[in-house]
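Asks: The structure under discussion is supplied below as structure tokens; questions concerning it will follow.
Nothing in this text is a laboratory measurement; each read-out follows from the coordinates by a stated rule. In this text, all values refer to a predicted model and were calculated from it rather than measured experimentally. Cβ: placed from backbone, ideal geometry, glycine included. Neighbour counts: every protein chain shown.
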Ligand code: PMT
């Protein structure tokens, strides 16, 4: 039996799984009928529990900047977006105000008759209007479906559900796998039920390897889709080699290679035939431009070509 089948057999689907799977299927079918391209954007880190009634868990650094900015850019390019994100990580549109106390965006007003109200503080109005205009348009076209996960297994169940929904629309679907997925986990039947007791002394745990889900994703769940995975490393000398190895191993279309510390300044878009370095200049960064704008413009062009060739 394939490793990934064993993984799903040994873990439980997340809460509201059937409901979310239905929402995803309906979203895909509606937008595909309306002739839109669709993209699944995965975003944020995955939590790996150490106890089944979880007090402690292992997590990672990802806050969902890449995924949430990319989702906005895909929407701007006319895609319908399924945004599969880690609960409480950054989300499209609201991310612009994530570091601000929302009460500071507002100010109290008192009219002549003494009644009080609230208005947007003038110094925030223009930014709020810019974001609201884009958000409003997305709401009107209903082109953004947000689905959240918390643990590694929640993520993998929902990833499979979305990929399977995409299998019905062939090359018009893109998978953009920016989530930082844990490579290690403890199988459900090996988790202690209760909080691990410190009185038992130092903790030693053995974790299993998470099966690489790119394999069934490309071969079985959504074989006709345009698939973009990411490769994250901290050692520059192995980055491109690993990206190329991933392309060879899984036979998908693109790997975006990035280094932890410089990921907002530069990435390399790696395909079977080329390596394209995407670089942000200081002046672009100063104007608030984000690297995802360049990445998505490039991918949309490649996806277009892919659809024409299929
Ligand atoms: O969220 P930010 O703070 O903005 O950070 C963005 C990012 C650095 C997380 C993002 O740009 C990124 O690189 N995401 C992928 C990180 C990662 O998991 O890399 P990896 O080399 O461990 O995995 C490579 C690919 O295999 C990933 O696309 C992943 O979806 C896939 N994978 C991973 C594990 C697994 N068991 N199965 C998989 O299919």
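Asks: Specify whether the C-alpha gyration tensor of the stretch 179-294 places it in the rounded, prolate or oblate class, a ≥ b ≥ c being the square roots of the eigenvalues: rounded for a/c under 1.5, otherwise prolate if a/b is larger than b/c and oblate if not.
Replies: Note, shape of the stretch 179-294 comes out oblate.
Asks: Moving on to the next point. Which three extents, in angstrom, do the Cα atoms of the chain have along their principal axes, listed largest first?
Replies: Over the chain, Cα extents along the principal axes are 74, 60, 42 Å.
Asks: Please rank 176, 17, 7, fewest neighbouring Cβ atoms within 10 Å first, as an exposure proxy.
Replies: Arranged by neighbour count, lowest to highest, 176, 17, 7 become 17, 7, 176.
Asks: Please report Rg (one decimal) and Dmax (integer) in Å for the Cα set of the stretch 232-310.
Replies: Answer for the stretch 232-310, Rg first and Dmax second: 13.5, 40 Å.
Asks: Quick one: order 85, 96, 168 by neighbouring beta-carbon count within 10 Å, fewest to most.
Replies: Going from sparsest to densest Cβ surroundings: 168, 96, 85.
Asks: To continue, here is another question. By per-residue mean of other Cβ atoms within 10 Å, what is the highest-first order of 47-59, 252-264, 187-199?
Replies: Peptide ranking by packing, descending: 252-264, 47-59, 187-199.
Asks: Suppose we keep just the alpha-carbon trace of the stretch 52-116; what are its Rg and Dmax in angstrom?
Replies: Cα-based Rg and Dmax for the stretch 52-116 come out at 18.5, 59 Å.
Asks: For a protection proxy built on the mean count of beta-carbon atoms within 10 angstrom, sort 118-129, 284-295 highest first, please. Working shown, then result.
Replies: Numbers: 118-129: 12.1, 284-295: 15.2.
Top of the packing list down: 284-295, 118-129.
Asks: Measuring from the lowest to the highest alpha carbon on each principal axis, how far does the stretch 105-239 reach, largest first, in angstroms?
Replies: 68, 54, 36
Asks: Here is a follow-up. What does the highest-first list of 35-46, 100-111, 227-238 look like by mean Cβ count within 10 Å?
Replies: In descending order of packing, they fall as 35-46, 227-238, 100-111.
Asks: Another question about this same structure. With runs of 4+ DSSP H residues as the only contributors, calculate the mean residue ellipticity of the chain at 222 nm using -39,500 (n - 2.57) per run, divided by the residue total and rounded to the nearest 500.
Replies: Mean residue ellipticity at 222 nm (helix-derived): -11500 deg cm²/dmol.
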